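The values are calculated or read from the model by the stated rules, or taken from the named source; none is laboratory data. Just so it is clear, the model here is predicted, and its values are computed rather than measured. Cβ: placed from backbone, ideal geometry, glycine included. Neighbour counts: every protein chain shown. Each accessible area value is taken on the protein alone, full model and side chains, heavy atoms only, with ligands, DNA and RNA left out. Shrake-Rupley method; radii C 1.70, N 1.55, O 1.52, S 1.80 Å.
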Amino acid sequence: MLALFHTILYLPIFNLFVWLYNVIPGHDVGLVILAITILVRLILWPLTSASIKSQRALQDLQPKMAAIKLEYANDKQKQTQAIMEMYKNNKVNPLASCLPMLVQLPILIALYTVLQDGLHSKNLADSLYPFISNPGTISQISLGFLNMATPNTVLAILAGAAQYFQAKTMMRKSPPKQAGEGAKDEAMMAMMNKQMLYLMPIMTVVIGFKLPGGLTLYWFFGTLLMIAQQMWLSKKYQPKDGVIEGEIVK
């Protein structure tokens, strides 16, 4: 498994990192990380788009889900069947929102290892493809003062702030009061999402205090790009008059 991870993820990202360092004017490692972030986001664009649209659709379906739970409050089997039918008719996959994070996790691990080796100029010769020039050493400094190899408090705080804003834009709406008892589960989910709104940014800052500045910078850039993608998709796929495409379950 480690050999597969090394071959499929570590080596390509490492060589891309060194190649970008060689070709970017000024050999600024911060710009290298920005370029890698953009490339990763482009690769993940289809998955992320599906995830964002799924989350938006799930939010819009909350009143209908609350009504179903009220109607079938005493029959969990029919309740589950009706909810699954609602997902099917509205072309919503509730699991789609998990895919980007699952895919990005091994990329984050690989990038962490790449930064550890690349910024300390370790294993350069051993890990480079034959067609990639060896720069000898890689400068850890970006913009003349940011050290990408050591933890950076400012970058950690910026990453946490970006995480908060990103979560805020996708925050689950509270269910309508008229949904009655059927809205209890939805109200609980809304409350959990509100808690995560603050918990995730705090965790990002705490973890960022211990990570290399380069990885925190990657997370900051990636979150900003995610926010931009969310805003663009929300505007592009905004349902007319609040109506979701597909047959509505009653």
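Things worth noting here:
- For Leu11 and Met84, the FRET efficiency from 1/(1 + (r/R0)^6), where r spans their Cβ atoms and R0 equals 41 Å, is about 0.45.
- Cβ-Cβ FRET estimate between Met231 and Met203, R0 fixed at 30 Å, reported to 0.05: 0.80
- Prolate/oblate/rounded label for segment 1-56 (Cα gyration tensor, a/c 1.5): oblate
- Cα-Cα over 23 Å, subset of Lys64/Lys91; Lys76/Lys168; Lys122/Lys210; Lys64/Lys88; Lys168/Lys235; Lys91/Lys168: Lys76/Lys168; Lys91/Lys168
- At the residue level, Lys64 shows approximately 60 square angstrom of accessible surface with a 1.4 angstrom probe and all protein chains present.
- If you plug the beta carbon distance of Ile24 and Leu105 into 1/(1 + (r/R0)^6) with R0 = 25 Å, you get a FRET efficiency near 0.40.
- Note on Glu85: accessible area approximately 80 square angstrom, rounded to 10, probe 1.4 Å, nucleic acids and ligands left out.
- Residues whose placed amide H lies under 5 Å from that of Ser139, excluding near-sequence neighbours: none
- For segment 133-150, 3J(HN,Hα) computed residue by residue from phi via the Karplus equation (6.51, -1.76, 1.60; θ = phi - 60°) reads 6, 8, x, x, 9, 10, 5, 7, 9, 10, 6, x, 8, 8, 8, 7, 9, 10 Hz, glycine and proline entered as x.
- At full extension, Ala125 and Thr137 could sit 3.3 nm farther apart than now, given 0.36 nm per residue minus the alpha carbon distance.
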